[in-house]
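Notes follow once the structure below has been shown.
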Amino acid sequence: MILTVSPVQGELEFGIPTPMQLPPFNEAGGYGYPWLSEDQLDIYVTTDYPSSEPYTTGAFDIWTSHRDSVSDPWQPLVNLGSPVNTPELSEIGSSLTADGRELYFFRALSPFGLPEGDLYVSNRQPDNSL
């Protein structure tokens, strides 16, 4: 049996991508794996910020920024810290459940985020920390 698939174009069309130029994004280091909350007030990114040379330390962590409304500017990035982030490995690719209570992410078995590692979940604490 031969399965043929016809290409399908989605109905959504996007414009030309442009880097986010507003602080605190893309200031120094490498950035990736953005996750925007449903209300668009919180963003989680993987970055080796504040490094000025990406891939030199291997310390990719999950950081977050908040804004009070979608028309307000993003606040400075905040590292989620321990126990989510570790000093010796890279934590990348975060996403939260719709209720914001569980953070899912990938922890690489090497500092540079190579594709070997495990999936983790962190539950939000009563003080709202992860």
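Quick one: which residue in S90, S95, S82 is in contact (Cβ under 8 Å) with a residue 24 or more places away in the chain, over 15 Å from T47 (Cβ atoms) and among the polar types (S, T, N, Q)?
Criteria check complete, one pass: S95.
Among the residues of segment 18-28, are any under 18 Å from W74 (Cα atoms), small (G, A, S), in a loop (DSSP other than H, G, I, E, B) and modelled with pLDDT under 85?
Yes, segment 18-28 contains a residue that is under 18 Å from W74 (Cα atoms), small (G, A, S), in a loop (DSSP other than H, G, I, E, B) and modelled with pLDDT under 85.
Which is surrounded by fewer than 15 Cβ atoms within 10 Å (Cβ to Cβ), at pLDDT below 85 and not in a strand (DSSP E or B), of Y55, Y49?
Y55
Which residues, counting only those in segment 117-130, are in a loop (DSSP other than H, G, I, E, B) and either surrounded by 10 or more Cβ atoms within 10 Å (Cβ to Cβ) or in contact with a Ser or Thr (Cβ under 6 Å, 6 or more places away or on another chain) (or both)?
R124, S129, L130
Identify the residue in segment 62-116 that is of a type in the set (S, T, Y) and part of a strand (DSSP E or B) and, among all such residues, is farthest from G30 (Cα to Cα).
Only one residue fits best here, namely Y104.
Given the structure, is Y44 crowded, with 18+ Cβ neighbours inside 10 Å and at pLDDT below 90?
Criteria not met by Y44.
Test each condition in (1) closer than 26 Å to M20 by Cβ; (2) in contact with a strand residue (DSSP E or B) (Cβ under 8 Å, 6 or more places away or on another chain); (3) at pLDDT below 85 for L109 and report the one that comes out false.
The single condition L109 does not satisfy is (1).
Name every residue in segment 30-39 that is in a loop (DSSP other than H, G, I, E, B) and within 14 Å of the chain's Cα centre (by Cα), in order of residue number.
G30, S37
I'd like the full set of residues that are farther than 19 Å from R124 by Cβ, among the aromatic types (F, W, Y) and in contact with a strand residue (DSSP E or B) (Cβ under 6 Å, 6 or more places away or on another chain), limited to segment 55-105.
The answer is F60, W74.
Looking only at residues in segment 76-106 that are exposed (fewer than 10 other Cβ atoms within 10 Å of the Cβ) and among the charged types (D, E, K, R), which one is modelled with the highest pLDDT?
Filtering segment 76-106 for residues that are exposed (fewer than 10 other Cβ atoms within 10 Å of the Cβ) and among the charged types (D, E, K, R), the one modelled with the highest pLDDT comes out as D99.
The values are calculated or read from the model by the stated rules, or taken from the named source; none is laboratory data. Because the structure is a prediction, the values reported are computed rather than measured. Heads up, the Cβs are rebuilt from the backbone with ideal geometry, glycines too, and the neighbour counts pull from every protein chain shown.
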